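Enquirer: Dropping the structure in here first, questions after.
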Amino acid sequence: MKAKVLDISGNVLREVELPAVFSEEFRPDLIKKAVLSLQSRRFQPKGASKLAGKDTSAESWGPGHGVSRVPRIKTGRRAARVPQAVGGRRAHPPKAEKEILKKINKKELWKALRSAIAATADPSLVRARGHKFSEEVSLPIVVENALVTLSKTADVEAFLKAVGIWEDVLRAKRKKVRAGRGKMRGRRYRRKKSVLFVISGDEMPAAEGKEEKEERKGERGEEGRSERSERGGGLLPLERSARNLPGVDVCRVAALNVELLAPGTHPGRLTVWTEDAISKLASLPFATVGAKAYSEEQEAAETRVEE
């Protein structure tokens, strides 16, 4: 399976052989299970205090008083402690020790990740997810490593227009008010997911010399500010320039997970790969297992056909 390699102007440079992970079978059930497992790791445990509703001096009067035998406060006759009383304990409170982590086997997780990667190369799945791109675009989109050097958001926008996927970013620009209580808890708006850039993190050329740095500083002005931006917390230029675009994410290939490739458990995200990311993908543990399994299955199938 081959893919065209584009430059940052959208022109075809050459073809590259894709790793066997792009031939993985489509397993939406495993993808959904893996995404829910990842989301469960962000859940915050909650539970009631062990003394909630019980910190009172109430005692039952016992029989013979013509009233129900619920506990009543010592200084009056108001019921307390029991669930049906005002301020009483809850009958079935949330338990802090509840198991909220949804577990998944490692082989299932890796197969789900391989399946989600393969889904990014299927135009029907990508369009079914709601992404918009021109008919001329062939998936998967593989771009030369110079993509990582784009340091301005305007340059990233020009690249997306040249490739033919800028319309999808405009689709993600529209946001809606979230339904339910979440709108009162700091997450009022929901926004769609758009393009995912997958890079290897090793695309940048060798460090420039001192004279080139000084020259670049003089062009930008504000030396202190440019020095801080160069440090940038270890971020590459594309990771800084693309983060202001709505719905766009940039991820290093070693940190790929199923939720990035299938947000909301829906596989087929519109993804842009760099050449180095494609070559590095084949050497990662989850992809290596998939390639080995695929080659063994193919060999067994060919053997059966020959027999």
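The values are calculated or read from the model by the stated rules, or taken from the named source; none is laboratory data. Nothing here was measured: the structure is a model prediction, and the numbers come from that model. All Cβ positions, even for glycine, are placed from backbone atoms using ideal geometry, and neighbour counts span all protein chains on display. Side chains included, ligands, DNA and RNA excluded: accessible areas come from the protein's heavy atoms. Shrake-Rupley method; radii C 1.70, N 1.55, O 1.52, S 1.80 Å.
Enquirer: Could you give me the radius of gyration and the Dmax of the stretch 58-131, taking only the C-alpha atoms into account and expressing both in angstrom?
Expert: Gyration radius and largest Cα-Cα distance of the stretch 58-131: 28.4, 79 Å.
Enquirer: A further question on this structure: Positive end of the dipole of the stretch 32-165, charges at C-beta (+1 Lys, Arg; -1 Asp, Glu), about the Cα centre: which of I165, P63, G47 has its Cα farthest in that direction?
Expert: Ranked along the dipole, the leading option is P63.
Enquirer: How much length would be gained if the chain were fully extended between R185 and A254, taking 0.36 nm per residue of separation minus their Cα-Cα distance, in nm to one decimal?
Expert: Extending this stretch completely gives an extra 21.6 nm.
Enquirer: In whole angstrom, how far apart do the alpha carbon centroids of the stretch 64-108 and the stretch 260-281 sit?
Expert: 47 Å
Enquirer: What's the long-distance tail for the stretch 46-90, i.e. % of Cα pairs beyond 15 Å?
Expert: Counting pairs separated by more than 15 Å, the tail of P(r) holds 42 percent.
Enquirer: Which FRET efficiency value, to the nearest 0.05, do you get for M204 and S40 by plugging their Cβ-Cβ distance into 1/(1 + (r/R0)^6) with R0 = 22 Å?
Expert: 0.05
Enquirer: Sticking with this one: Just list whichever of K102/K176; K2/K32; K111/K152; K50/K183; K50/K74; K33/K175 have alpha carbons separated by over 32 Å in the model shown.
Expert: Listed pairs above 32 Å: K111/K152.
Enquirer: With 5 Å bins from zero, work out the P(r) of the stretch 63-179 over every alpha carbon pair and list the percent per bin.
Expert: 2, 7, 10, 10, 9, 9, 8, 6, 5, 5, 5, 5, 6, 5, 4, 3, 1, 0
Enquirer: Working with all protein chains in place, sort F43, F22 by solvent-accessible area computed with a 1.4 Å probe, largest first.
Expert: Highest to lowest solvent-accessible surface, that is F43, F22.
Enquirer: What net charge is computed for the residues neighbouring E275, neighbours being all others with C-beta under 10 Å from the C-beta of E275, Lys and Arg scored +1, Asp and Glu -1?
Expert: So the environment of E275 carries a net charge of -1.
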